[in-house]
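S.K.: Handing you a structure now.
The values are calculated or read from the model by the stated rules, or taken from the named source; none is laboratory data. Remember, predicted model here, so these are calculated numbers, not experimental data. Here Cβ is always computed from backbone atoms with ideal geometry, including for glycine, and neighbour counts include all displayed protein chains. For accessibility, only protein heavy atoms count, side chains too; no ligands or nucleic acids. Shrake-Rupley method; radii C 1.70, N 1.55, O 1.52, S 1.80 Å.
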Amino acid sequence: MHERQEVCIWGRWPTEHSGLIVTDVPLLSQPKCGSWLCNLLFTYWTDHNTTMSAVNMIAGDKGEKKDMGEKASQANPMEQYMILAKGAKGAAAVQLVRQVLEAPEVYVFGELLDMPNIVALKSNPKQASHYELLQLFAYGVYSDYARESAKFPQLSPSMLTKLRHLTIVSMATGQKSIPLATLGIQLGLSSTRELEDLIIEAMYTDIIHGKLDQKNGILELDHAIGRDIKPEDLPQIVSTLQSWCDTCDTMLSNIDQLITRANSDKERHLKHRNSLETEVLNIKASLKSQVQEGDEALVSDSRDHDKKRPPKKGIRASSSKFWPKSS
């Protein structure tokens, strides 16, 4: 049994270590006592803290990389399933399909449908139903499943909820105000409470934005996520986009014509303005010259008049004296 003794060391150490009680003093410098035990403890303490600092830095880097990986995974939840689909074949691919369909954050399946191992499922009669189920979630609605439920595998409660959510998204693309009665029929729900809970859950998952008007029995939608596009719908989409482009070209042409007309009107207005300013300047100059000529004529007339005026006779003072009259 080790005897307890107190060792003076300029450093930090666990309170009890190998029977020693070490005073907890902040590290300032290497001990000057010269004891071999103090030097040994100081060296161990320095190496220990250096190692722990390095370990903490590595752990911090790993933590940051882990956080970045988690954020990237949250941004694209399908990415991890795409990686698994590269090596999953047969029964593993079937299990992967079910995992994807039950995943609460995945609502788009087009990328997974294009994976070779997933496409290979439709060539196997026992596994083709899961490929069709994946296509149902990518392009279909709940009524498609209700109409041909025998051809699909049995759905779990989470799968049914997701399929109903996707049905609401599909209905939102065609109309912004959906009666709850119509929505209940399309989703196969007769209970108003279940229907309202489903709609609220869809809003919380952020796949639709809107307002549930319970008084009037209407779901008013402002926004819904996009779904996968069926291959047979591509020509119609291309036609719609081409029509939109043609409309944009027509509008641009009309805008160019308006710009050209506005520029010509502006140029004509500037020419008219310049001509008016020139005419005003000419009139001012003409008036100024007429005023100057009139002033000169008045001055010359006054001079001629002064020359023709006869000189005034001067009044001479009489030398005769005026005597008063005698009375």
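S.K.: Please state which of the following conditions L219 fails to meet, knowing it meets all the rest: (1) of a type outside the set (S, T, Y); (2) touching a Ser or Thr at 6+ places or on another chain (Cβ under 8 Å); (3) within 20 Å of L101 (Cβ to Cβ).
M.R.: Answer for L219: the failing condition is (3).
S.K.: Pairs needed: first member in region 88-106, over 16 Å from L160 (Cβ atoms) and acidic (D, E); second member anywhere, open to solvent by 10 Å² or more (accessible area, probe 1.4 Å) and part of a loop (DSSP other than H, G, I, E, B); C-beta distance under 9 Å; at least 6 residues apart or different chains.
M.R.: Pairs found: E105/P77; E105/T205.
S.K.: Taking region 100-116 as the region of interest, how many residues are in a helix (DSSP H, G or I) and either among the hydrophobic types (A, V, I, L, M, F, W, C) or surrounded by 13 or more Cβ atoms within 10 Å (Cβ to Cβ) (or both)? Outline the logic, then answer.
M.R.: In the first step, residues of region 100-116 are kept if they are in a helix (DSSP H, G or I); the result is 100-102, 110-113, 116.
So of that shortlist, the ones also either among the hydrophobic types (A, V, I, L, M, F, W, C) or surrounded by 13 or more Cβ atoms within 10 Å (Cβ to Cβ) (or both) come out as 100-102, 110-113.
The qualifying residues number 7.
The rows are residues; the columns are (1) within 27 Å of F109 (Cβ to Cβ); (2) open to solvent by 100 Å² or more (accessible area, probe 1.4 Å).
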{"position": "G188", "(1), (2)": "yes, no"}
{"position": "R193", "(1), (2)": "no, yes"}
{"position": "D197", "(1), (2)": "yes, no"}
{"position": "A202", "(1), (2)": "yes, no"}
{"position": "D213", "(1), (2)": "no, no"}
{"position": "P231", "(1), (2)": "yes, no"}
{"position": "C245", "(1), (2)": "no, no"}
{"position": "K271", "(1), (2)": "no, yes"}
{"position": "E277", "(1), (2)": "no, no"}
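S.K.: Is it the case that some residue within region 245-253 is over 27 Å from P77 (Cβ atoms) and in contact with a strand residue (DSSP E or B) (Cβ under 9 Å, 6 or more places away or on another chain)?
M.R.: No: region 245-253 contains no residue that is over 27 Å from P77 (Cβ atoms) and in contact with a strand residue (DSSP E or B) (Cβ under 9 Å, 6 or more places away or on another chain).
S.K.: Shifting gears a bit: Keeping to region 170-186, report how many residues are touching a residue at least 40 places away in the same chain (Cβ under 8 Å), surrounded by fewer than 19 Cβ atoms within 10 Å (Cβ to Cβ) and hydrophobic (A, V, I, L, M, F, W, C).
M.R.: 0
S.K.: Inside region 208-243, can you point out the residues that are assigned to a loop (DSSP other than H, G, I, E, B) and without any contact (Cβ under 8 Å) to a residue 12 or more places away in the chain?
M.R.: Within region 208-243, K215, N216 qualify.
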